[in-house]
Each structure stands twice: as C-alpha cells, then as structure tokens.
Amino acid sequence: MNQACCNVPPAVSKGYSPKGKYIDLNTTGPSHATSAIFIIYDIFGFSDQAIQGADILAHADAKSGHEYQVFMPDFFLGKPLSHSDYPPDTEEKQKTVGAFFGGPAAPPKNAGKVPGLVKEIEKQCSGIQKWGSLGMCWGGKIVSLTAQPGTNFSAAAEVHPAMVDPKDAKDIKIPVCMLASGDEDADAVKKFGEALSVPNHIETFSDQVHGWMAARADLENEKVKKEYERGYQVLLDFYHKHL
C-alpha cells in the first residue's frame, strides 16, 4: 500500500475547520517545505471542499518526507459564481454563466496573472524550489495554458476540468495528471491524453459528477466521499513522483 493511501485523512462531511491561514495570498502547509502547489479553484471560489482538499495535499504525508506549501489565490476577488446559477438550465442562468466565463473567469486573462502571482509568493516564501499546479473545473483550463513553454511549474494536474481541448495538450511541457468525471466529454479527454508527449496519468471517475473534488462534492454521500479521498490520493502520488 502506498504512503498516500496510508496517510490521507478521511474527508469531513460537515463543519470542516481549515488548517491554513488567510494572508495576502491564501496558504496552507508547513512553511519550511521546499515544494509548493498552486491551486486554481473552481468557479465557486473558496468552497469548504476545495479548502479541505488543499489541506489534504499540504498535511497528509509529512511522515513520508513529502511536504508541500499550498497556495490558493483569490482570482475572483471575493466574487465567485453563485451556486444558484449552476447548472445553467434557464436562459437567464446561461447568460449569467456566459458573462462570468467571458469576464472574471476569462481563461487567457487569468492565465496571464499566474506568473506574477508565483513571483509574489516567492518573495514571501523564498525557500520554494519547485512548483506544481492544480486546476479545478475552470482552473483546469488555466493549468493547461500555464503548463506550456516558459512555465513556472514542474508538474500540473487538472480535476474535472472544463473546456478540455486536445490542442492545448500538444504544447504541454511538464508531467500532467487529469482526473475527469463522468460529465466531461469522454472523447475530448481521450484525445487530450493521446496528444500529450510528456509523462501523464489520465483517469476518469465515471460515476462522479463534475466538481466532485471541489465545490460540488457531496461529502455526506459515502460513495462520493470515498472517491473524493481517492482522487486526492492519486494527486499526492503524482506530486510525490514529479515534485
């Protein structure tokens, strides 16, 4: 049994108390760790499930010698998409979601922010030597765009990614992990994996919904909770290998 399986704590269904702290950049994990993970949350921002996932990555495997500082910047400046607007099953919701993706969540604009954010973090945390990235939903697209030539990162991961485009995969220059749900376009995920020329782990959790590792995770459902935990175990194994 691998170390991640031994050490990942069970997810908390209700009343989760974060281990991290909010500073100018939101962070969790031991300050002496020389590897870091940069999380790009999903369209719902700082959900309890995403924060708990960050803590799992930061604190699960300290005894094994793998430790990470984990940072989750607030790309939406306190104004994420409301849960009430998703799924976009009415014309009004479709307009709201479309405007959000074309405005605050526009991928190219946000991808352009990432190098500056990494540099700002390094000013405050000078001991970081290697970076991994993790994108959730919308954040998965940002990860694809920032894993290309000139990247700040040594490894990249995407969970239930939105806007999966095999064309992005051709230019990815670092190891990549993609954990898709049953709601993603299976053909796009398959072609994305086929287009990669770097070490990769592509896996589909076919019985899980889009968002099961972040804001849409129903951790009161034992099956979802188990797959949520397993997903983070897969991520830990991936980062242990490549960071």
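Some values worked out for this structure:
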| read-out | value |
| --- | --- |
| Criterion (within 20 Å of residue 236 (Cα to Cα), surrounded by 17 or more Cβ atoms within 10 Å (Cβ to Cβ), in contact with a helix residue (DSSP H, G or I) (Cβ under 7 Å, 6 or more places away or on another chain) and of a type in the set (Gly, Ala, Ser)) met by exactly one of 132, 139, 211 | 132 |
| Residue match in region 216-231 (condition: part of a loop (DSSP other than H, G, I, E, B) and surrounded by 21 or more Cβ atoms within 10 Å (Cβ to Cβ)) | yes |
| Test result for residue 188, crowded, with 17+ Cβ neighbours inside 10 Å and farther than 14 Å from residue 242 by Cβ | no |
| Failed item, numbered, when residue 97 is tested on (1) touching an Asp or Glu at 6+ places or on another chain (Cβ under 7 Å); (2) at pLDDT 95 or above | (2) |
| Some residue of region 64-81 being among the acidic types (Asp, Glu) and surrounded by fewer than 17 Cβ atoms within 10 Å (Cβ to Cβ) | yes |
| Residue in region 200-208 that is crowded, with 21+ Cβ neighbours inside 10 Å, touching a strand residue (DSSP E or B) at 6+ places or on another chain (Cβ under 6 Å) and of a type in the set (Val, Ile, Thr) present | no |
| Condition broken by residue 65, with the remaining ones in (1) at pLDDT 90 or above; (2) among the small types (Gly, Ala, Ser); (3) out of contact with any helix residue (DSSP H, G or I) (no Cβ under 7 Å at 6 or more places or on another chain) satisfied | (1) |
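The values are calculated or read from the model by the stated rules, or taken from the named source; none is laboratory data. This structure is a prediction, so every number in the text was calculated from the model and none was measured. Positions of Cβ are generated from backbone atoms using ideal geometry, with glycine treated the same way; all protein chains shown enter the neighbour counts.
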